[in-house]
1. Please give the strands (runs of 3 or more DSSP E) falling wholly within the stretch 216-302 in which 2 or more residues are β-branched (Val, Ile, Thr) and crowded, with 22+ Cβ neighbours inside 10 Å.
2. Would you mind telling me which numbered condition in (1) under 13 Å from SER270 (Cβ atoms); (2) part of a loop (DSSP other than H, G, I, E, B) TRP340 fails?
3. Checking the structure you have, find out if any residue of the stretch 307-329 is closer than 22 Å to ARG93 by Cβ and out of contact with any Leu (no Cβ under 9 Å at 6 or more places or on another chain).
4. Take the conditions over 30 Å from VAL202 (Cα atoms), of a type in the set (Asp, Glu) and modelled with pLDDT of 95 or more and apply them to GLU154. Does it pass?
5. Return only the number of the condition from (1) under 20 Å from the mean Cα position of the chain (by Cα); (2) outside any strand (DSSP E or B) that GLU323 does not satisfy.
6. Check off (1) under 30 Å from ALA186 (Cα atoms); (2) over 21 Å from the mean Cα position of the chain (by Cα) for ILE147 and give me the number that stays unchecked.
7. Taking interchain pairs and intrachain pairs at least six residues apart, which have beta carbon atoms under 7 angstrom, with the first residue in the stretch 213-239 and within 18 Å of HIS195 (Cα to Cα) and the second of a type in the set (S, T, N, Q) and not in a strand (DSSP E or B)?
8. If a residue has to be in a loop (DSSP other than H, G, I, E, B) and either among the small types (Gly, Ala, Ser) or at negative phi (or both) to count, how many in the stretch 199-215 make the cut?
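The values are calculated or read from the model by the stated rules, or taken from the named source; none is laboratory data. All values reported here derive from a predicted model rather than from experimental measurement. Cβ placement follows ideal geometry from the backbone for every residue including glycine, while neighbour counts extend to all protein chains displayed.
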Amino acid sequence: MEISGSDPLPFDYLMVATGATPRLPGVSGEELEGIFFLRNVTDAIRIKSFIHERMARRAVVVGAGLVSLEACEAFRRLGLETTVIYRQDLPMRRWGEDFAEIILAELETNGVTFMADTSLEGFEPAPSGQIMVKTSSGALEADLVLIGIGVTPEVSLASQAGLNLGPTGAIAVNERLQTSVPFIYAAGDCCECFHRVSRKPVYAPLGDIANKQGRIAGANIGGQNISFPGIVGSICFKVFNLEVASTGLTEEEARNMGLETASATIQGVSKAHVFPGSGELHIRLVADTDSGRLLGAQAVGSDGVVSRINVLATGLSANLSLEELAYLDLAYAPPFSGAWDPIHIAAQKLLK
């Protein structure tokens, strides 16, 4: 086969790794100078240079996803007044209202203004040389704007080549990362993943997943026979002094799939109570009431959150039951955990 164009290139195998493109808000003025997206290191350097060159003082962030909230911390550490515009009432509501309120409190404690239930209506140049950000809650001026409302898979080349797209709109691939044309492979943010808990294809544009897919696709092109087992949906991010992480399904997501579920939420501590520096750690487990199988977990806290979610992600991959989690042999020492880890306590509570 060959790629058409001015200089056709014949090939035996083709690797499609076209990535993703930022989702545009589709409002007037979104092309103005000072409006940025953040997809890679180059974007980050451009934003930082703009802040220093313009001596920026005010930033507006559109959206409240992972990248947006992490950017809020970066802007505040650079001394910028930072405002978030978000169409819902709480950031990261997928984690549940209680956890979302903890995230919101962390933002506000660190000087971030959160404009809830607010829609973006457009941009226009301000007389002061700044950007006028028009919203459903009124207008505000900013030196720079970061738009973080998600990404879409870049599949134009794949579509032109006749490759099948999946239900998520990304390129459909099998466990070997082959597309609908066996000698064309795809990996990274342009293709789907198999979710091992929901048993459905999902779109998960994350760097660690892209790295694994790229390595496996390359090995298979090179003559090996390796399968990508899929994901359990593990996510983490940091916002100021708070760690936030999840794996698997939330209770709402599981119920939307028709599963009978139960959940338990506890407030534990990251270290033994008597150990200095121990902080709050909130963790929620979700399980299938019919089988007792773990379906997902979410956690927020000052530290120790990601390590707990990683344990639970392993539990999901291994299909562990609540009974197994409740007495799991975890490493224990007071600087890292109590004798009963929050994972044990949450699993035992849910068993009851």
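1. Details: elements: 235-239, 242-248, 261-269, 280-288, 294-301.
In the stretch 216-302, 242-248, 280-288 are the strands (runs of 3 or more DSSP E) which contain 2 or more residues that are β-branched (Val, Ile, Thr) and crowded, with 22+ Cβ neighbours inside 10 Å.
2. That leaves (1) as the condition not met.
3. yes
4. So GLU154 does not fit the description; no.
5. Every condition holds for GLU323 apart from (1).
6. Exception for ILE147: condition (2).
7. Sorted first by the residue in the stretch 213-239, then by its partner, the pairs are ILE226/ASN220; PHE228/GLN213; VAL232/SER317.
8. The initial filter retains those residues of the stretch 199-215 that are in a loop (DSSP other than H, G, I, E, B), namely 199, 203-206.
Filter once more, so that each one left must be either among the small types (Gly, Ala, Ser) or at negative phi (or both): 203-206.
So the count comes out to 4.
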